[in-house]
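S.K.: Just dropping this structure here.
The values are calculated or read from the model by the stated rules, or taken from the named source; none is laboratory data. Computed from a prediction, not measured in an experiment: that's the story for all the values here. Note that we place each Cβ from the backbone using ideal geometry, even for glycine, and neighbour counts take in every protein chain shown. We work out accessible area using only protein heavy atoms, side chains counted, and drop any ligands, DNA or RNA first. Shrake-Rupley method; radii C 1.70, N 1.55, O 1.52, S 1.80 Å.
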Amino acid sequence: MKKITTLLSLFLVLINCGELVPNPDENPNNITRKNPNPKNNSKKVNDFAIVIHGGAGTILKKNITNEKEAEYKAKLEEAIRVGYAILKEGGSSLDAVEKTINVLENSPLFNAGKGAVFTNAETNELDASIMDGETLNAGASAGTKTVKNPINLARAIMENSPHVMMVGNGAETFAKEQNLEIVSPEYFKTENRLKTLKRVIKREQENTTDKTSAFYNTDIKDSKFGTVGCVALDKNGNLAAGTSTGGMTNKRYGRVGDVPIIGAGNYANNTTCAVSGTGWGEFFIRASVAHDISALMEYKGLTLKAAADEVIQKKVPKLGGNGGIIAVDKNGNMEMNFNTAGMYRASMNDKGELIIAIYKD
Ligand code: ASP
């Protein structure tokens, strides 16, 4: 009798703890495990996965030659394969993210590193950030003019300093101390980007009377962006996100966008997902885009897709902004979500299946 009472009270304690719940439809003991977050109970779909973007915007088939399109796709593929190989070998998501972004930063095709856009003063000022989903550690740099690969600087800040963000000259001094590659500001000056700046300034002079919206309203909504980003899940279940950019053409006054703001253009958290954004940075900051997607999963139990839709298809456009995100969740679900005409993007799952796309459909 005493034994039965003990067993019964143990059973009741477990029910109260929410661990075991009677379920008449289930096993012979009428006992089943209770999921603490029933809406967020998806199974692992990939042991590892990687997604990249090369910017979102008004990217239309009619404006791109077949050769250019092939060039973009080839560079996206080259980049994602670097990260994929690292993950496949059991490497970390942080390494995969950093090395993949390096390939995109070293190409003039994208608005990051070599292909950074120009400020109004005809300089190139670069921003980047990286986040480790396991520790929630993060590093970010803003407004640098001589660091060849800003994503490497972001990682050095995260790993080798007590800080999260460094800007301008100070960030460059730290980069030198870390023996990162330093280049002359001339390295970032490309003909194409200079032409775009001239075009934007001309349009601005012709059209803009509203000084509060002076440097964006004319061309920004109408041009492609080109920031680069990468998110990855590694075999150890660790997520990482990285984003790197030259910002927006014609930016002034030391403007810094969403990219180095943790939770805006970049975020990773092993309990939910890793997100990297591209788009009109001011709106991504105001909508806390990357963290919001993670928070919707964590607190509301939304799936990655539902969370991304909520923020990218509803919240950002409602404020008047545009852009997109790439993301991967802890189960290896991948997402490429944008509200613009296109987004340069690619993904690879653990089976090595590659998707590369530019336009909406
Ligand atoms: N989000 C970037 C910024 O506002 C621009 C981009 O995505 O291309 O700086």
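S.K.: Please return the ranges of strands (runs of 3 or more DSSP E) entirely within region 218-323 where 3 or more residues are more than 30 Å from Asn120 (Cβ to Cβ).
M.R.: Working: elements: 228-233, 239-245, 266-268, 273-279.
Strands (runs of 3 or more DSSP E) meeting the threshold: 228-233.
S.K.: Give the residue that is farthest from the ligand (Cβ to nearest atom), with candidates limited to residues of region 214-236 that are at pLDDT 95 or above, open to solvent by less than 20 Å² (accessible area, probe 1.4 Å) and not hydroxyl-bearing (Ser, Thr, Tyr).
M.R.: The selected residue is Asp234.
S.K.: Out of Thr245, Thr249, which single residue is within 10 Å of the ligand (Cβ to nearest atom) and closer than 21 Å to Asn102 by Cβ?
M.R.: Details: Thr249 fails: closer than 21 Å to Asn102 by Cβ.
From the options Thr245, Thr249, the qualifying one is Thr245.
S.K.: Could you list, in sequence order, all residues of region 262-287 that are touching a Lys or Arg at 6+ places or on another chain (Cβ under 8 Å) and of a type in the set (Ser, Thr, Tyr)? Write out each step before concluding.
M.R.: So in region 262-287, the residues touching a Lys or Arg at 6+ places or on another chain (Cβ under 8 Å) come out as 270-273, 280, 287.
Within region 262-287, Thr271, Thr272 qualify.
S.K.: Hey, another quick one. Could you check how many residues of region 38-68 are of a type in the set (Asp, Glu) and either surrounded by 14 or more Cβ atoms within 10 Å (Cβ to Cβ) or touching a strand residue (DSSP E or B) at 6+ places or on another chain (Cβ under 6 Å) (or both)?
M.R.: Pass one, region 38-68, residues of a type in the set (Asp, Glu): 47, 67.
Those still in the list that are either surrounded by 14 or more Cβ atoms within 10 Å (Cβ to Cβ) or touching a strand residue (DSSP E or B) at 6+ places or on another chain (Cβ under 6 Å) (or both) too: 47.
Selection size over region 38-68: 1.
S.K.: Turning to a different aspect of this structure: For region 274-300, which residues satisfy the criterion of being within 15 Å of the ligand (Cβ to nearest atom), among the aromatic types (Phe, Trp, Tyr) and open to solvent by 10 Å² or more (accessible area, probe 1.4 Å)?
M.R.: Those that are within 15 Å of the ligand (Cβ to nearest atom), among the aromatic types (Phe, Trp, Tyr) and open to solvent by 10 Å² or more (accessible area, probe 1.4 Å): Trp280, Phe283.
S.K.: Oh, and also: When both residues are 6+ apart or on different chains and their Cβ atoms are under 6 Å apart, which pairs have a first residue that lies in region 230-245 and is under 11 Å from Asp95 (Cβ atoms), and a second that is assigned to a strand (DSSP E or B) and open to solvent by 10 Å² or more (accessible area, probe 1.4 Å)?
M.R.: Taking only residues 6 or more apart or on different chains, the pairs are Ala240/Asp132.
S.K.: Name, by its number, the condition in (1) assigned to a helix (DSSP H, G or I); (2) closer than 19 Å to Lys235 by Cα; (3) of a type outside the set (Asp, Glu) that does not hold for Ala327.
M.R.: Result: Ala327 passes all but (1).
S.K.: While we're looking at this one, here's another question. Among the residues of region 335-349, is any touching a Cys at 6+ places or on another chain (Cβ under 7 Å), assigned to a strand (DSSP E or B) and open to solvent by less than 10 Å² (accessible area, probe 1.4 Å)? It would help to see each step written out before you state the result.
M.R.: Filtering region 335-349 down to residues touching a Cys at 6+ places or on another chain (Cβ under 7 Å) leaves none.
Taking every residue of region 335-349 in turn, none turns out to be touching a Cys at 6+ places or on another chain (Cβ under 7 Å), assigned to a strand (DSSP E or B) and open to solvent by less than 10 Å² (accessible area, probe 1.4 Å).
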